[in-house]
Amino acid sequence: MPPERPADARRPRLTPAVADSRRAVRESLVGLPQGSLALVALSGGPDSLALAAAAGFEAPRLGLRVGAVIVDHGLQAGSAEVAERAAEAARALGLEPVLVERVHVGGEGGPEGAAREARYAALESAAVRLGAAAVLLGHSLDDQAETVLLGLARGSGTLSIAGMAAVAGLYRRPLLGLRRAALAQACADQGLEPWHDPHNDDERFARVRVRRSILPHLEKHLDAGIVEALARTAAIARDDAEALDQMVDEVAEELVELAEGGCSLPAAWLAANPAALRNRVIRLVARSEFGVSISRTQTLEVARLATDWHGQGPVHLPGIRVERIGGHLKFAAAEPA
């Protein structure tokens, strides 16, 4: 009979970092149907490994199953070995099923964007095949702050400044309220050995420059609580954006008049209402009726047909022609060139 192991070898000590990660995951999982499957998107890094450990502990106690999906982007030498190591860690934490999905990363949208697109496509495909109720992502408070700063730098509006949502359809981000250092500590406290992606030190990537240079500079010279402040900004902006979007959805049902080959909006309503509502209605029509996302510049050009009308001609958008006819802005599918 083998000698009995010390208690701390059988069961890791419940430290504040471990408790915080478990609490965050438990709060995120509450409400999923009993017996349903949640999948952890696991890279093997500290954040996702802490997430996997917390999910492996909490999900069974809530009557849920939890598995993992490891996406091998194939962008580095030895990526298959890294993926298998992450899979072994997931199995050791009690996660089942554990899938390793190898993807091809294209060239469109830059390396970060292409890798992200391939990763999310693989996660969604795996979730559909396995009938998962949710996919858990390991984004932290630091990731949220970085996202807000990048959104500010791009000038891409409220939704970008709003950062990442805690729940967005299939995806849940339980750890958005926790610092990256706390998640690394949770791994250390549980004897977990995370993988450190060398890409996270490569300053060719904008997010890495924000992480390694810009945020530390702001913390040193502006405010030591800048990460938390940026995350609060994201939460406030998201509340505002969601409220406006809900208002626009309700208004659009009454405003939009469908017609053969397109639809129309009343110019008087567009001119009389604030730009935040007007521009959202225009973008909603382009997206929902024609499947087209338009830029701010394009949106303002369409809005001028209502707010600065002096008989100008139609506005040509990708796949859409918008013109003012009487008191309405008519949206129609553009004729092939």
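For this structure, a couple of remarks:
- Relative contact order [Cα under 8 Å, 6+ residues apart], the chain, whole percent: 15
- Neighbourhood net charge (14 Å Cβ-Cβ; Lys/Arg +1, Asp/Glu -1) for Leu258: -4
- Inter-label distance, nm, simple model (7 Å from Cα along the C-beta direction), Arg116/Ala80: 3.0
- Accessible surface of Asp143, taken over heavy atoms with a 1.4 Å probe and every protein chain present, rounds to 20 Å².
- Positive contributions from Lys and Arg (+1) and negative ones from Asp and Glu (-1), summed over other residues with Cβ under 13 Å from the Cβ of Ala153, come out at +2.
- Close amide H contacts of Val135 (hydrogens built in the peptide plane, cut-off under 5 Å, sequence separation of 5 or more or a different chain): Leu39, Tyr171, Arg172.
- Amide H to amide H, with H built 1.01 Å from N, Leu329 comes under 5 Å of Leu265, Ala267, counting only residues 5 or more places away or on other chains.
- Stokes-Einstein D in µm²/s, Kirkwood radius over Cα pairs - the chain at 20 °C with 1.002 mPa s viscosity: 94
- The phi-based Karplus calculation (6.51 cos²θ - 1.76 cosθ + 1.60; θ = phi - 60°) puts the 3J(HN,Hα) values of the stretch 25-31 at 5, 4, 5, 6, 7, 4, x Hz, whole numbers, x for Gly and Pro.
- Rounded to 0.05, the FRET efficiency of the Ser293 and Arg61 pair, given R0 = 45 Å and the Cβ-Cβ distance, is 0.60.
- Counting only protein heavy atoms and a probe of 1.4 Å, the accessible surface of the chain is 53% carbon and sulfur.
- Percent of Cα-Cα distances greater than 19 Å, calculated over the stretch 39-127: 39
- Think of it as helices only: each DSSP H run of n ≥ 4 in the chain is worth -39500 (n - 2.57), and spread over all residues that comes to -16000 deg cm²/dmol at 222 nm.
- Near the amide H of Asp72, within less than 5 Å, lie the amide hydrogens of Glu101, Arg102, Val103, all on another chain or at least 5 residues away, with H placed in the peptide plane.
- Within the full protein context, the accessible area of Trp195 is estimated at about 60 Å² for a probe radius of 1.4 Å.
- Accessible surface area normalised per residue over the chain is 53 Å², counting heavy atoms of protein chains with a 1.4 Å rolling probe.
- Of the trypsin sites (Lys or Arg not before Pro) found in the stretch 139-238, those that fall in a DSSP loop while having at most 13 other beta-carbon atoms within 10 Å are Arg204.
- Scalar couplings 3J(HN,Hα) for the stretch 265-273, obtained by applying the Karplus form with A = 6.51, B = -1.76, C = 1.60 to θ = phi - 60°, are 10, x, 5, 4, 5, 4, 5, 7, 9 Hz; x denotes Gly and Pro.
- Pairwise FRET efficiency - His316 versus Ala229, Cβ, R0 = 35 Å, nearest 0.05: 0.25
- Residue-by-residue Karplus 3J(HN,Hα) for the stretch 15-21, coefficients 6.51, -1.76, 1.60, Hz, glycine and proline x: 8, x, 5, 5, 4, 5, 5
- Extended-chain gain in nm, criterion 0.36 nm per residue less alpha-carbon gap, His196 and Ala276: 24.6 nm
The values are calculated or read from the model by the stated rules, or taken from the named source; none is laboratory data. Bear in mind that the values here come from a model prediction, so they are computed numbers and not experimental data. Don't worry about glycine lacking a Cβ; one is built from the backbone with ideal geometry, like all the others, and counts go over all protein chains shown. Just so you know, the surface numbers come from the protein's heavy atoms only, side chains and all, with ligands and any DNA or RNA stripped out. Shrake-Rupley method; radii C 1.70, N 1.55, O 1.52, S 1.80 Å.
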